[in-house]
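Worksheet for the structure shown next.
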Amino acid sequence: MRAARRAARWSWSALRPRTIYGYALNSPMNMTSVLAVYAAISKELGLPLRFPGSEKAYRALVQGVDADLIARAVLWAGDSAAAQNQTYNITNGDLFRWSRMWPHIAGLFGLATAEPQPIPLVEFMSAHAPLWNAMVRRHDLRPIGYGDVAAWPFGQFILQREFDHVLDTTKLRAHGFDGFADTYRMFEQQLARLRADAIIPR
């Protein structure tokens with residue numbers, strides 16, 4: 001793009017997001033549906049919400065970004081002279097540890113939590129397609145195939161990452177984008193929408 005830009009009349013902007021959370025199906029890299037379906041199946045099985053990674057992963061500092069916030073940043077970049085031919089990191093603006101966020105998510109499903117328990121999420125969840133299909137019928141959910149509702153390989157990768165993963169968004173703020181999202185409220189809103197649209201049980 002930089003080479004092509006030299007002889008062109010257009011400009012470009014690039015956004016590099018942290019882990020994306022949003023309302024999306026058939027997406028290979030969306031953690032909201034992974035967490036929602038994992039929690040819903042855990043509840044159906046009568047299990048606490050077990051964090052499927054190590055103690056290190058449970059304690060690491062992580063960030064996320066709301067898909068709606070990315071959309072706002074795209075609109076800003078498309079209309080800002082400061083953003084022309086620039087690359088930006090983008091996050092919600094806050095930090096969290098799963099050790100604090102996990103009980104919050106569990107509470108949104110009325111679940112208890114358990115100590116971190118490394119679980120091969122891809123293998124464990126692949127065995128629950130029949131249960132999910134039964135849940136779809138019993139709870140009158142939208143008939144979305146189990147393979148389309150959540151991406152377990154991506155969920156396993158994110159939840160088993162054992163190191164702090166923090167992006168610096170100073171440049172984005174300095175150039176004029178002031179958007180942010182509270183990650184705790186983000187989960188509340190997105191899970192409420194999944195329930196309202198009958199993607200997961202109410």
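The values are calculated or read from the model by the stated rules, or taken from the named source; none is laboratory data. Nothing here was measured: the structure is a model prediction, and the numbers come from that model. Neighbour counts run over all protein chains shown; Cβ positions are idealised from the backbone, glycine included. For the accessible areas, the whole protein counts, side chains as well, though only heavy atoms, and no ligand, DNA or RNA atoms are used. Shrake-Rupley method; radii C 1.70, N 1.55, O 1.52, S 1.80 Å.
Which residue pairs have Cβ atoms closer than 6 Å, lie 6 or more positions apart in sequence or on different chains, and pair a first residue in the range 174-202 that is under 17 Å from VAL136 (Cα atoms) with a second residue that is of a type in the set (Gly, Ala, Ser) and at pLDDT 95 or above?
Correct list of pairs: LEU191/ALA36; LEU194/ALA36; ILE200/ALA36; ILE200/ALA40; PRO201/ALA40.
Evaluate the range 102-114: report whether one residue or more is among the small types (Gly, Ala, Ser), within 23 Å of SER33 (Cβ to Cβ) and surrounded by 14 or more Cβ atoms within 10 Å (Cβ to Cβ).
Start the filter on the range 102-114 by keeping residues that are among the small types (Gly, Ala, Ser), which leaves 106-107, 110, 112, 114.
Add one more test, that the residue is within 23 Å of SER33 (Cβ to Cβ), and what stays is 106-107, 110, 112, 114.
Now restrict to residues that are surrounded by 14 or more Cβ atoms within 10 Å (Cβ to Cβ): 106, 114.
The answer is yes, given that some residue of the range 102-114 is among the small types (Gly, Ala, Ser), within 23 Å of SER33 (Cβ to Cβ) and surrounded by 14 or more Cβ atoms within 10 Å (Cβ to Cβ).
For the range 1-101, give me every one of the helices (runs of 4 or more DSSP H) that falls completely inside it and has 1 or more residues that are in contact (Cβ under 8 Å) with a residue 24 or more places away in the chain, among the hydrophobic types (A, V, I, L, M, F, W, C) and on the phi < 0 side of the Ramachandran plot. It would help to see each step written out before you state the result.
On the way: elements: 2-5, 31-44, 55-59, 67-79.
Result: 31-44, 55-59, 67-79.
Is the range 151-163 home to any residue that is in a loop (DSSP other than H, G, I, E, B), over 17 Å from LYS43 (Cβ atoms), open to solvent by less than 50 Å² (accessible area, probe 1.4 Å) and aliphatic (A, V, I, L, M)?
Quick first cut of the range 151-163, residues in a loop (DSSP other than H, G, I, E, B) only: 151, 160-163.
Going one step further and asking which of them are over 17 Å from LYS43 (Cβ atoms), we end up with 151, 160-163.
Now narrow it down to the ones that are open to solvent by less than 50 Å² (accessible area, probe 1.4 Å): 151, 161.
If we keep only those that are aliphatic (A, V, I, L, M) too, we end up with 151.
Taking every residue of the range 151-163 in turn, at least one turns out to be in a loop (DSSP other than H, G, I, E, B), over 17 Å from LYS43 (Cβ atoms), open to solvent by less than 50 Å² (accessible area, probe 1.4 Å) and aliphatic (A, V, I, L, M).
Look at ASP168 and say whether it is acidic (Asp, Glu), surrounded by fewer than 18 Cβ atoms within 10 Å (Cβ to Cβ), modelled with pLDDT of 95 or more and within 19 Å of ILE200 (Cα to Cα).
On the way: acidic (Asp, Glu): yes; surrounded by fewer than 18 Cβ atoms within 10 Å (Cβ to Cβ): yes; modelled with pLDDT of 95 or more: yes; within 19 Å of ILE200 (Cα to Cα): no.
Answer is no for this residue.
Looking at PHE124 and the list (1) touching a residue at least 12 places away in the same chain (Cβ under 8 Å); (2) in a helix (DSSP H, G or I); (3) closer than 19 Å to ILE70 by Cα, which single condition is not satisfied?
Every listed condition holds for PHE124 apart from (3).
Could you tell me which of the residues LEU45, LEU69 is modelled with pLDDT of 95 or more and either within 23 Å of ARG202 (Cα to Cα) or open to solvent by 10 Å² or more (accessible area, probe 1.4 Å) (or both)? Spell out how you get there, then give the answer.
Working: LEU69 fails: either within 23 Å of ARG202 (Cα to Cα) or open to solvent by 10 Å² or more (accessible area, probe 1.4 Å) (or both).
Matching residue, one of LEU45, LEU69: LEU45.
Any residue at all in the range 137-145 that is more than 20 Å from the chain's Cα centre (by Cα), charged (D, E, K, R) and not in a loop (DSSP other than H, G, I, E, B)?
Yes; the residues of the range 137-145 include at least one that is more than 20 Å from the chain's Cα centre (by Cα), charged (D, E, K, R) and not in a loop (DSSP other than H, G, I, E, B).
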